[in-house]
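Peer 1: This is the structure, below, for whatever I ask next.
The values are calculated or read from the model by the stated rules, or taken from the named source; none is laboratory data. Predicted model, so just to flag it, every value in this text is computed and none were measured. FYI the Cβ positions are ideal-geometry reconstructions off the backbone, even for glycines, and counts take in every protein chain you see. Just so you know, the surface numbers come from the protein's heavy atoms only, side chains and all, with ligands and any DNA or RNA stripped out. Shrake-Rupley method; radii C 1.70, N 1.55, O 1.52, S 1.80 Å.
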Amino acid sequence: MLVTPILHIQDLTKTYQSTGHTLTVLDNINFSVEEKATISIVGPSGSGKTTLLGLCAGLDRSSSGLVELNGIRLDTLSEDARAQVRNQYVGFIFQNFQLLPTLTALENVMVPLELRGEKNIKPQALELLDKVGLTDRAHHYPSQLSGGEQQRVSLARAFSNKPKILFADEPTGNLDAETSEKIVKLIFDLNREAGTTLVLVTHDAELASKTQRILRVKGGKLVSDELTGV
């Protein structure tokens, strides 16, 4: 039986027009990701890693090529329709946390559940905060939390809508080594427990080596695709 990949990228290209010139950020990228797999996208600054992640997640639209997420073609959808797909199937972790400053930790975790129209969401959000060790910080605002605590809140929020795929963009980029280690362990533990597919962008070779597969991007091209043996 053929297994449909959770993410399928075909001939993906992204260009921008800049002062009369065409700037090619991604050039003819092709790969697929199986459900529950863990993969890293690595490469030097400016290689197109974050742009690629944004296209895979439906945050932006490609110039040409196909992006299929959970069997749904994103490149043909409107912005509203892509947002609906993201809310239903996708979790995000960003380098700069992206928490809403006027909401408490608990309220930040509840947002995706509210957007889905779910009932009885407070106990679900509290359970997720407990999983990331932040029950006692539930009513604190982001400005009252350390960087590591903010990233743990964003992790709880990312898993609150039970995503089929989690996209993480430099999840430890703003954290010290000790805090990074704890966050990485949490990401992989929660991911394993939930059976979620993980796609992460990182410049950290040690973090990349913890995933099953590493895609290397250079100058907008996919230059290698290797299995790590994890």
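Peer 1: Looking for something under 14 Å from the mean Cα position of the chain (by Cα) and on the phi > 0 side of the Ramachandran plot - is there at least one such residue anywhere in segment 116-135?
Peer 2: no
Peer 1: Taking the residues in segment 111-164 that are in contact with a helix residue (DSSP H, G or I) (Cβ under 7 Å, 6 or more places away or on another chain) and among the acidic types (Asp, Glu) as candidates, determine which candidate is nearest to LYS185 (Cα to Cα).
Peer 2: Among those residues, the one meeting the criterion is GLU149.
Peer 1: Which of the following residues is crowded, with 24+ Cβ neighbours inside 10 Å and of a type in the set (D, E, K, R): ARG116, ARG157?
Peer 2: Details: ARG116 fails: crowded, with 24+ Cβ neighbours inside 10 Å.
Unique residue meeting the criteria: ARG157.
Peer 1: Follow-up. Does SER63 count as farther than 25 Å from SER209 by Cα, in contact with a strand residue (DSSP E or B) (Cβ under 6 Å, 6 or more places away or on another chain) and either modelled with pLDDT under 90 or of a type in the set (S, T, N, Q) (or both)?
Peer 2: When the stated conditions are applied, SER63 passes them.
Peer 1: Among ASP130, ASP204, which is surrounded by fewer than 15 Cβ atoms within 10 Å (Cβ to Cβ) and either farther than 16 Å from LYS36 by Cα or touching a strand residue (DSSP E or B) at 6+ places or on another chain (Cβ under 6 Å) (or both)?
Peer 2: ASP130
Peer 1: Tell me which residues, restricted to segment 184-222, are farther than 20 Å from PHE31 by Cα, touching a residue at least 40 places away in the same chain (Cβ under 8 Å) and out of contact with any helix residue (DSSP H, G or I) (no Cβ under 9 Å at 6 or more places or on another chain).
Peer 2: PHE188, GLY195, ALA205, listed by residue number.
Peer 1: Can you name every residue in segment 41-97 that is in a strand (DSSP E or B) and free of Cβ contacts under 8 Å to residues at least 24 places away in the same chain?
Peer 2: Step one: of segment 41-97, the residues in a strand (DSSP E or B) are 41-42, 64-69, 72-73, 90-94.
Passing the criteria: ILE72, ARG73.
Peer 1: Next up: Just to be sure I understand, how many residues within segment 169-193 are open to solvent by 80 Å² or more (accessible area, probe 1.4 Å), farther than 13 Å from LYS131 by Cβ and acidic (Asp, Glu)?
Peer 2: Selection size over segment 169-193: 3.
Peer 1: Next up: Among the residues of segment 15-40, which ones are without any contact (Cβ under 8 Å) to a residue 60 or more places away in the chain and not polar (S, T, N, Q)?
Peer 2: Scanning segment 15-40 gives TYR16, GLY20, HIS21, LEU23.
Peer 1: Right, something else. So ILE41 fits all but one of (1) at pLDDT below 90; (2) open to solvent by less than 70 Å² (accessible area, probe 1.4 Å); (3) closer than 24 Å to ALA205 by Cβ; what number is the exception?
Peer 2: ILE41 satisfies all of (1) at pLDDT below 90; (2) open to solvent by less than 70 Å² (accessible area, probe 1.4 Å); (3) closer than 24 Å to ALA205 by Cβ except (1).
Peer 1: Kindly indicate whether any position in segment 136-152 is polar (S, T, N, Q), open to solvent by less than 30 Å² (accessible area, probe 1.4 Å) and within 23 Å of GLY54 (Cβ to Cβ).
Peer 2: Scanning segment 136-152 turns up at least one residue that is polar (S, T, N, Q), open to solvent by less than 30 Å² (accessible area, probe 1.4 Å) and within 23 Å of GLY54 (Cβ to Cβ).
Peer 1: For segment 86-101, give me each residue that is more than 12 Å from the chain's Cα centre (by Cα) and surrounded by 18 or more Cβ atoms within 10 Å (Cβ to Cβ).
Peer 2: Of everything in segment 86-101, just one residue is more than 12 Å from the chain's Cα centre (by Cα) and surrounded by 18 or more Cβ atoms within 10 Å (Cβ to Cβ), namely LEU99.
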